[in-house]
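See structure below.
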Amino acid sequence: MNTKKSVLALFTALAATPVALAIDVPQTRQEFVEAVVAKKAVVETLRAGQPLDKVISVLEERASACLDVKVERTANVGYVEHSSSTYHPTVRRIDDGRAEFTLQVEHFPRGVGHTPPPGGLFMLAADLKSVDAGHTEVVLYRPKIGGGKIAESLKQWLAGDPAPCPKLR
């Protein structure tokens, strides 16, 4: 009889495990920003010495050239495995004084256990706000792990430095 109770307890625990192990993946840009702030990940406030229109122009040009890419990988792990990551940068003007930058990535094959949002997982977001005729405030949101090299390139671009494209993996 003890065996039946142990097996029943094991099955009950296993049935509850998916709920306990569910991965909460932000489905919108706003959810991503809120998660970064709530988890005390990396939130940086920068001041670009350029007007908002110029910052938007630089971000559109550099993001298109450097971040709108597909990275393909092949590994021999006892068999040949192919995988890829497709990056999707977006620059969107909200109104005359504000804009936003978002970087998402789609992995193939995708990870097990989560449902990514349309466009892929959020990697980085930035809120852009005109401070005056010659300056823009940038609030950058990203997780503690991953996106650091991209963020550094982004900071250089915002400072007016035509830094090289970050190496994406």
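All of the numbers you see were taken from the coordinates with simple rules; none came from a lab. Since the structure is predicted, the reported quantities are computational estimates derived from the model, not experimental observations. Methodologically, a virtual Cβ is constructed for each residue, glycine included, from the backbone with ideal geometry; neighbour enumeration extends over all protein chains shown.
Roughly how tilted is helix 2-20, in degrees to the nearest 10 and between 0 and 90, from the longest Cα axis of the chain? That helix lies at roughly 10 degrees to the long axis. Put a plus charge on the Cβ of each Lys and Arg, a minus charge on the Cβ of each Asp and Glu, and nothing anywhere else: the dipole of segment 26-158 about its Cα centre is then about 360 debye.
Modelled spin labels at ALA163 and SER83, positioned 7 Å past Cα toward Cβ, are 2.6 nm from each other. Taking the number of Cβ atoms within 10 Å of each Cβ as an exposure proxy, the fewest-first ranking of ARG62, ARG142 is ARG62, ARG142.
Angle, helix 52-62 long axis vs. longest principal axis of the chain, Cα atoms, 0 to 90°, nearest 10? The two axes meet at around 60 degrees.
The alpha carbon radius of gyration of the chain, expressed as a multiple of 2.2 N^0.38 Å, is 1.34. Principal-axis analysis of the Cα atoms of the chain puts helix 148-158 at an angle of about 20° to the longest axis. Dipole of segment 26-158 computed with +1 at Lys/Arg Cβ and -1 at Asp/Glu Cβ about the Cα centre; of SER57, THR115, THR74, farthest Cα towards the positive end is THR74.
In percent, rounded to a whole number, the relative contact order of the chain is 27, using alpha-carbon pairs under 8 Å and six or more apart.
Note on the chain: Lys pairs 8 or more places apart or on different chains, Cα atoms under 13 Å apart, count 5.
Each residue, ALA75 and ALA133, gets one label point 7 Å from its Cα in the Cβ direction; the gap between the two is 5.5 nm.
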